[in-house]
Amino acid sequence: MASTHDTAARAAEVLVASNRGPVSYEVREDGSLHAKRGGGGLVSGLSAIGPEAGALWVCSALSDGDREAVRRGVGEEGVRMLAVPADVHEDAYNGIANSVLWFVHHLLYQTPLEPAFDAEFRRQWASYEAYNRAFAEALAEDAADGAAVLVQDYHLCLVPGMLRELRPDLRIGHFSHTPWAPVDYFALLPADIREQLLRGMLGADRLGFLTRRWADAFTACCTEFAGGPGKTRIGVHGLGADADFLRERSHRPDVDERMAALRAEIGEGRKAIVRVDRTELSKNIVRGLLAYRQLLDDHPEWRERVVHVAFAYPSRQDLAVYRDYMAEVRRLSEEINDAYGTPGWTPVLLNLKDDFARSLAAYRLADVALVNPIRDGMNLVAKEVPVVSDEGCALVLSREAGAYWELREDAITVNPYDVLETARALHEGLTMKPEERAERTKRLSAAATALPPAQWFLDQLNALREIQPS
Ligand code: G6P
């Protein structure tokens, strides 16, 4: 194990910066530190350039375990964790990133009461600035001459501008994994904050988005509030599913075991409408349940013959609105089960405990996958299900998911706010002929895997390196 900050790390040629890093630590009862590695597109992207590429991943300490690891000088090769003070991180991450920027980009405010940009907001904003500055300084310190830096997401919008000032020699990219707000919604933000966010982003040489729609929304905001995007280039990179990994992983024994258990829970001869989400406010799980209830009302013939398997994994539980949302998902599921359930049939199987193997099992057996977000940068579940599905699966897909643009032709598409339309789409999915389902799934799977994570990452890196330093 190398220290988090050795000399080799000081001359990194490729740097990635993100709030959440590829590893997290837990202090065990005996005082030892336990490291847990995460997955995702960036992890496989970085592994594609190989260990000799001189890459460094700069991330924030998120938990007490992480901060303890930094304090003890424990770390992994190629990762630098920043010991941002807990209160600063709390304000920046929960206060600004998750409660303001996430809300703005996903259109989540209940505007009669919120947002209210008050003194407390300004206090938190100062923490967001400090947290972004900590990243910019660390990157400036560790980047080799002319290195490529790939900054990730809404947590770090100010980093490109700050880093440009510290190190004009670097090639700086930023990628948004979320949607970008439309002009009128972005306009909710105070004028100086809007401008600071846009100027921060425009400090990059190149900005990446998941779809043309989000890229255009960003450009429109720049035109309206910052006199245009200037010299910054804008690219679209539609992250796809990792077919090789998914196919291999979904046929391991632990997945087979969970499939058998799930089949038993669903019951012989019944169809399954599956959804798998991190319970973010934008995922629209509640309207999904309402649509399912509507289906049982409109088509009583489905009673006892279908089960809604809903995996809603906890996310951002430090925020009260997220906890309340989770509680509403639970309450409505119980209400449906109480009203419609019979001794041999539980209409909704809700599970809140994150279990990747069980998610894959549900993907494999799903008859219908429900992906109905209010708004979503991409939504990888929509792309993973068709890849993993054993016998073909109908995909009910929100037109507001980034994945819509690549999958719309073979999905059954819905307005996420329209519960009746969603109920009809579920019925259509359940009654789709097996051959058609299989055909569509094949095409969905091809579209979903067009840009695997490693290529997605390399494309961005190459595009950035091709830009001549000005
Ligand atoms: C979602 C978004 C990403 C974001 C991530 C952060 O998956 O699509 O854009 O980076 O949430 O999640 P976290 O659990 O770190 O708040």
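The values are calculated or read from the model by the stated rules, or taken from the named source; none is laboratory data. Note that the coordinates shown come from a computational prediction; the quantities given were computed from them, not determined experimentally. Note: ideal-geometry Cβ built from the backbone for every residue, glycine included; neighbour counts use all protein chains shown. Please note that ligands, DNA and RNA were not included when accessible areas were found on the heavy atoms of the full protein model with its side chains. Shrake-Rupley method; radii C 1.70, N 1.55, O 1.52, S 1.80 Å.
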Between the range 90-148 and the range 358-372, how far is it from one alpha carbon centroid to the other, in angstrom? 34
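Could you list, in their original order, any pairs among Lys36/Lys271; Lys36/Lys442; Lys271/Lys442 whose Cα atoms are separated by more than 31 Å?
Details: Lys36/Lys271 36 Å; Lys36/Lys442 35 Å; Lys271/Lys442 20 Å.
Correct reply: Lys36/Lys271; Lys36/Lys442.
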Obtain the nm distance between the two label points defined at Lys433 and Arg331 by a simple spin-label model: each point lies 7 Å from its Cα along the Cα-to-C-beta direction. 4.5
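Per DSSP H run of at least 4 residues, take -39500 (n - 2.57); add these up for the chain, divide by its residues and hand me the 222 nm value, nearest 500 deg cm²/dmol. List each step's numbers first, then the result.
Working: 19 runs with 209 residues, N = 470.
Helix-only estimate at 222 nm: -13500 deg cm²/dmol.
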With every protein chain in place, the range 213-327: carbon and sulfur % of accessible area (1.4 Å): 48
For the range 243-448, state what percent of all Cα-Cα pairs lands in each successive 5 Å bin, counting from 0 Å until the bin that includes the largest distance. 1, 8, 17, 21, 23, 17, 10, 3, 0, 0
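How large is the charge dipole for the chain, taken about the Cα centre, if only the Cβ atoms of Lys, Arg (+1) and Asp, Glu (-1) carry charge, to the nearest 20 debye? Walk me through the numbers on the way to the answer.
On the way: 54 positive and 70 negative charges, 107 e Å.
Dipole size: approximately 520 debye.
So what is the relative contact order for the range 243-448, in percent, with contacts set as C-alpha pairs under 8 Å and at least six apart? Please list the in-between numbers first.
Values: 378 pairs, mean separation 49.6, N = 206.
Taking the mean separation of contacting Cα pairs over the length of the range 243-448, I get 24 percent.
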Residue span Ala53 to Ala126: 0.36 nm per residue of separation minus Cα-Cα distance leaves a gain in nm of 22.7 nm
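Could you size up the charge dipole of the range 243-448 around its Cα centre, putting +1 on the beta carbon of Lys and Arg and -1 on that of Asp and Glu, and report it in debye to the nearest 20? Could the numbers behind the result be given before it?
Working: 31 positive and 36 negative charges, 40 e Å.
The dipole magnitude comes to about 200 debye.
State, as an integer percentage, the relative contact order of the chain based on alpha-carbon contacts under 8 Å between residues 6 or more apart. Each step should come with its number before you reach the end.
On the way: 913 pairs, mean separation 68.9, N = 470.
After rounding, I find 15 percent.
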Would you mind pulling out the separation of the Cα centroids of the range 393-470 and the range 207-242, in Å? 20
Considering every pair of different Cα atoms, what Kirkwood radius, in Å, is found for the range 8-126? 16.4
Probe 1.4 Å, heavy atoms of protein chains only: per residue, the accessible area of the chain in Å² is 41
